[in-house]
Amino acid sequence: MPIVQEHPTRVIVGPHHLEGLLDVPPNARGLVIFAHGSGSGRFSPRNNHVARELGRAGFATLLMDLLSPEEEADRRNVFDIERLASRVTEATDWARGTPQLIDLPIGYFGASTGGGAALAAAAADPTHVSAVVSRGGRPDLAGDQLPFVQAPTLLLVGSRDHDVLELNRWAMGRMKCPVEICIVPGATHLFEEPGTLDYVVSQAISWFERYASKPLADAINVPFANRREAGRLLAHSLMKFRKDNPLVLALPRGGVPVAYEVAERLDAELDLVLVRKIGAPSHAEYGIGAVVDGDCAQIIINREIADQLAVPSGYIHNEAHKQLREIERRRREYLGGREPIPISHRTVIVVDDGIATGSTVRAALRAIRQKSPARLILAVPVGARDSIASLRRECDDLVCLATPEPFFAVGAHYVNFEQTSDGEVRQLLDDRSSAPAKTE
């Protein structure tokens, strides 16, 4: 149940610790993240007016500063669309990890240069953005990113804002998503004329009600047709990491088809992280720990559960070695004589086909963390809400496309969830290892 708030709450957003104002009405229908224009911030009177009206219509709102005070001192940063867009993306990631916001569809409201930043952010993370509204915006500043925007977009421009109107028409011609331009009669750039800002509010509410008030799972067509489709959708949300030369690690076997599609689209190396669960005595499916493959195999034990069950240390030792032998067999089976790709100082993306309890992937993340990656990301198409929330503490970023309830099991959210064969795993790994490097 969302927290009922009479006034916006001060929040600190993302790794850059940006100041924000969050308002969550009861039974919120969606979340609108604001991207302000140059020289403005979370206290913008016009954006606050829009936010209040959106709140009355049932939408949560987040107004935030896109730059730190030190960054604002350099005027060039105000027009650094890539930087501004990355901050909008950070806010989206923050919202996906905030319990009261995690299930809300997300819309962007951009003003002036913030319109360009909102569209660039929507292009970078198409899976999590349901709609965009630009008020007197500069969508042209999104440039080459415009054709990649998938979120339905409404461009609101004053009839007397002649230069910006032409720039909006130009941008509209570059966009391939559903896009409409609404010319506000009598309005100039700042919509200071009587009634013009209220007209903007009414149009924005209608747009967000139409496109950003449906459950997130509906927006991404759960159930997925199969693992390969899920991987293609997941890759869209990971494109921002492409420039980091990431290493994609798949949990076999089901995670490999998903990870293959991610690696293919990110032009990334693909390898395996081999994990075997250590089951409780007489209850093999009830995990008390795991063994994780690597230069030096690691045993991760949930001591609280092991102590509750009074599991003897000898049992853990014997079971760990049994699972380690199976790991060694699988590595020979899947990779032949290929050595594991080094992890240290790399951006590492761990991929599986879904998460139920999360015990196995938790062990994998902890083991990988000890190998000093520069950045550790967990990416899955679907997961149980509580498990996803708890796993966020184990990594630097977490991307999960859907957390449907009731969850039941991973396979319930795929049309085709046939077991991945050893042969398919080998073929996908071989195909990716022999793929030529892509060029821009």
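Rg over Rh of region 85-147, using C-alpha atoms and the Kirkwood radius, what does it come to?
0.98
Just round it to a whole percent: the fraction of Cα-Cα distances in region 255-334 exceeding 15 Å.
Counting every Cα pair in region 255-334, those more than 15 Å apart make up 61 percent.
Rg(Cα) of region 327-391 divided by 2.2 N^0.38 Å?
1.24
Show me the three semi-axes of the equivalent ellipsoid for region 360-440, from the C-alpha gyration tensor (sqrt of 5 times each eigenvalue), largest first, rounded to whole Å.
25, 21, 13
Within 10 Å, count the other beta carbons around each residue, average over each peptide in 18-29, 261-272, and list them highest first.
Those peptides, ordered most packed to least, come out 261-272, 18-29.
Check cross-link reach from Lys176 to the aspartates and glutamates: straight Cα distance under 16 Å, and skip same-chain residues fewer than eight apart.
Asp125, Asp140, Asp144
Cα centroids of region 170-189 and region 47-82: how far apart, whole angstrom?
21
Give the average over all directions of the projected area of the C-alpha convex hull of the chain, one decimal, in nm².
The number I arrive at for the chain is 22.4 nm².
Looking at Gly137, Tyr199, Gln150, which one has the Cα that reaches farthest to the positive end of the dipole of region 127-227 (charges on Cβ: Lys, Arg +1; Asp, Glu -1)?
Gln150
Averaging sequence separations of C-alpha pairs under 8 Å and six or more residues apart, then dividing by the length of region 268-426, give the relative contact order as a whole percent.
19
Could you pull out every one of the aspartates and glutamates with an alpha carbon less than 12 Å from that of Lys243, ignoring same-chain neighbours closer than 8 positions?
Within the straight-line limit of under 12 Å, Lys243 reaches these aspartates and glutamates: Asp267, Glu440.
Looking at region 337-440, which trypsin sites (Lys or Arg not before Pro) are DSSP coil and have at most 12 other C-beta atoms within 10 Å of their C-beta?
Here the sparse-neighbourhood loop sites are Lys438.
With a ≥ b ≥ c the root eigenvalues of the C-alpha gyration tensor of region 9-218, is it rounded (a/c under 1.5), prolate (a/b larger than b/c) or oblate?
Rounded, because the longest to shortest axis ratio a/c is under 1.5.
Taking the alpha carbon gyration tensor of region 166-280, what are the square roots of 5 times its eigenvalues, largest first, to the nearest whole Å?
44, 18, 13
Rounded to the nearest 500, what is the 222 nm mean residue ellipticity of the chain from helices alone, with -39500 (n - 2.57) per DSSP H run of 4+ residues and division by all residues?
Mean residue ellipticity, 222 nm, calculated: -11000 deg cm²/dmol.
Under the rule that an exposed site lies in a DSSP loop and has at most 12 other Cβ atoms within 10 Å, name the longest stretch of the chain with no chymotrypsin sites (Phe, Trp or Tyr not before Pro) of that kind, not counting the sites themselves.
44-407
Percent of Cα-Cα pairs per 5 Å bin, from 0 to the last occupied bin, for region 230-389, please list those.
Taking every Cα pair in region 230-389, the percentages come to 2, 9, 18, 21, 20, 15, 9, 4, 2, 0.
List the trypsin sites (Lys or Arg not before Pro) in region 169-249 that DSSP assigns to loop (not H, G, I, E or B) and whose Cβ has at most 16 other Cβ atoms within 10 Å. Which are they?
Hits after loop and neighbour filter: Lys176.
Among the GluC sites (Glu not before Pro) in region 371-436, which ones are in a DSSP loop with at most 14 other Cβ atoms within 10 Å of the Cβ? Mind listing them?
Glu418
Cα centroids of region 380-414 and region 309-349: how far apart, whole angstrom?
Computed from Cα coordinates, the inter-centre distance equals 24 Å.
Computed on alpha carbon atoms, what radius of gyration and Dmax characterise region 1-121, expressed in Å?
My reading of the Cα-based Rg and Dmax gives 13.3, 42 Å.
We did not get these values from a lab; they are worked out from the coordinates using the rules stated. Just so it is clear, the structure is predicted and the values come from calculations on it, not from any experiment. In this analysis, Cβ positions are derived from the backbone assuming ideal geometry, glycine residues included, and neighbour counts consider all displayed protein chains.
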